[in-house]
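Written below as structure tokens is the structure these notes are about.
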Amino acid sequence: METLRLVFADPAAAPLAAMLVLAAAPNVVFRVMGVFLSRGLNEGSEALAFVRAMASALLAGVVGKLLAAPPGALAQLSFPTRIGVFALAVGAFFLFRRSLAAAFIVGEAALIAAFWL
Amino acid sequence: MNGRPSRVRASSHYTCVMGAAGGFGYFWRGAREAAMGPAWLVGLSLASVGALAHDVGMPAWLAALSTPLVWAGPGQLIFFASMGTKAAALAILTATTLAAVRFLPMVVSLLPRVRSARTGLWSQLLASHLIAVTVWVETMRRGPGLPVEARMPFMYGFGLSCVAIATGMTFAGYWLAGSLPGPVAAALLFISPIYFVVSLARGAREAMDWAALWLGLILAPVMQSFVGGGLDLLATGAVAGGLAYLVRRWRQGRGLAP
């Protein structure tokens, strides 16, 4: 109880407790909820297809946000440049028969090049 | 109706392929496949979290521990960034909670695909902690190609290998912090967007998956400027995911392949 009060008054005073309560606990809650909600669902059911669409869209959304409002060093590049570099990486992926490596090499090379241009 | 006959076929396959090695063979196969690439990519993105923890003055052990305990890049990022700005605990909790909601659809969609009739509740609860972007994407994609009984051991091996390597990389990022030049730091940060999108694209099997991918990418920045209170990502998931599901229903209605 004392630790919990400390966490909410000044998280930096009890860093481990703060991390467990503020960062780890929410993940545990939703992961465990997921386990119970998934019971009785079958692979191939319509409900599962809907959930899969939501999960994919959420993940794609994380990327969309990262490109639109990036943290740290990425913000040094303009928005059109970031989109351009990302489009090159995706283009390389499709051009080289869905190759992860091609996407990385082209994307990272374009990014470094963008810093010099 | 669909799952039962394949389950029987898969278990007989399991007994003859895995034999005495049991699930261990698939556990190591998962661990090895993660260590061949995906684990290093998560590791690189978490190295930037380690660097951030260093910059905001948190101890190295806390940065390293955050990876196995939290196991969610965005959550760790929010936590350490907030510790730097001395944000109120309730504000941090709200942000991390909103970032954690995405695990609900991930766990719900992955578990029915990997568990077998013999998988217990505790095993599923433990496995749920390993489910984050990389493990979700890779197990969704590789799982269906494995015998049903092999999928849980594979996921455990894959997930634990990712956690172990990423923990080491978080620690490495902490010590490298500040010594990386701008372009290299940016290249590090750019790994996650490429990896997430390309993994989704490689796992896409039907029109609905592609629709969810493109709609999510495009709608997220739009939602960010129209939906406040940190709910924009959730709105993106609901709207883009809902529209993508409608694509599936529309194709089904017209008798097209999904």
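The values are calculated or read from the model by the stated rules, or taken from the named source; none is laboratory data. What you see is a predicted model, and the numbers here were worked out from it, not measured in a lab. Heads up, the Cβs are rebuilt from the backbone with ideal geometry, glycines too, and the neighbour counts pull from every protein chain shown. For accessibility, only protein heavy atoms count, side chains too; no ligands or nucleic acids. Shrake-Rupley method; radii C 1.70, N 1.55, O 1.52, S 1.80 Å.
Let me spell it out: the conditions are (1) in contact (Cβ under 8 Å) with a residue 24 or more places away in the chain; (2) closer than 27 Å to B:M208 by Cα; (3) in contact with a Gly (Cβ under 7 Å, 6 or more places away or on another chain), and A:Q76 meets all of them except one. Which number is the exception?
(2)
Residues of region A:66-75 being at pLDDT below 85 and within 21 Å of B:G237 (Cα to Cα), which ones?
First, the residues of region A:66-75 that are at pLDDT below 85: A:66, A:69-75.
A:L66, A:A69, A:P70, listed by residue number.
This table checks each residue for (1) at pLDDT below 95; (2) more than 8 Å from chain A (Cβ to nearest Cβ); (3) open to solvent by less than 50 Å² (accessible area, probe 1.4 Å); (4) assigned to a helix (DSSP H, G or I).
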{"residue": "B:A31", "(1), (2), (3), (4)": "no, yes, yes, yes"}
{"residue": "B:V42", "(1), (2), (3), (4)": "yes, yes, yes, yes"}
{"residue": "B:L46", "(1), (2), (3), (4)": "yes, yes, yes, yes"}
{"residue": "B:V49", "(1), (2), (3), (4)": "yes, yes, yes, yes"}
{"residue": "B:P68", "(1), (2), (3), (4)": "no, yes, yes, yes"}
{"residue": "B:P74", "(1), (2), (3), (4)": "yes, no, yes, yes"}
{"residue": "B:F80", "(1), (2), (3), (4)": "yes, yes, yes, yes"}
{"residue": "B:M83", "(1), (2), (3), (4)": "yes, no, yes, yes"}
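For region B:225-252, which residues satisfy the criterion of being open to solvent by 40 Å² or more (accessible area, probe 1.4 Å), without any contact (Cβ under 8 Å) to a residue 24 or more places away in the chain and of a type outside the set (A, V, I, L, M, F, W, C)?
B:S225, B:G228, B:G229, B:R249, B:Q252 - these are the residues of region B:225-252 that are open to solvent by 40 Å² or more (accessible area, probe 1.4 Å), without any contact (Cβ under 8 Å) to a residue 24 or more places away in the chain and of a type outside the set (A, V, I, L, M, F, W, C).
Yes/no matrix, rows are residues, columns are (1) open to solvent by 10 Å² or more (accessible area, probe 1.4 Å); (2) in contact with a His (Cβ under 6 Å, 6 or more places away or on another chain); (3) more than 11 Å from chain A (Cβ to nearest Cβ):
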residue	(1), (2), (3)
B:G159	no, no, yes
B:C162	no, no, yes
B:T170	no, no, yes
B:V197	no, no, no
B:A207	yes, no, no
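Could you please find all residues in region B:172-183 being touching a helix residue (DSSP H, G or I) at 6+ places or on another chain (Cβ under 8 Å) and surrounded by fewer than 22 Cβ atoms within 10 Å (Cβ to Cβ)?
The first filter runs over region B:172-183 and keeps only residues touching a helix residue (DSSP H, G or I) at 6+ places or on another chain (Cβ under 8 Å), leaving B:172-178, B:180, B:182-183.
Across region B:172-183, the qualifying residues are B:A172, B:W175, B:L176, B:A177, B:G178, B:L180, B:G182, B:P183.
Can you pull out every residue in region B:188-243 that is among the small types (G, A, S) and modelled with pLDDT under 85?
If we filter region B:188-243 for residues that are among the small types (G, A, S), which is where we start, we get B:192, B:199, B:201, B:203-204, B:207, B:211-212, B:216, B:220, B:225, B:228-230, B:235, B:237-238, B:240-242.
Listed by number, the residues that qualify are B:S192, B:S199, B:G203, B:G228, B:G229, B:G230.
Looking at A:G84, A:G40, which is the one that is touching a residue at least 24 places away in the same chain (Cβ under 8 Å), over 19 Å from the mean Cα position of the chain (by Cα) and more than 7 Å from chain B (Cβ to nearest Cβ)?
Numbers: A:G40 fails: touching a residue at least 24 places away in the same chain (Cβ under 8 Å).
Only one candidate passes the filter, namely A:G84.
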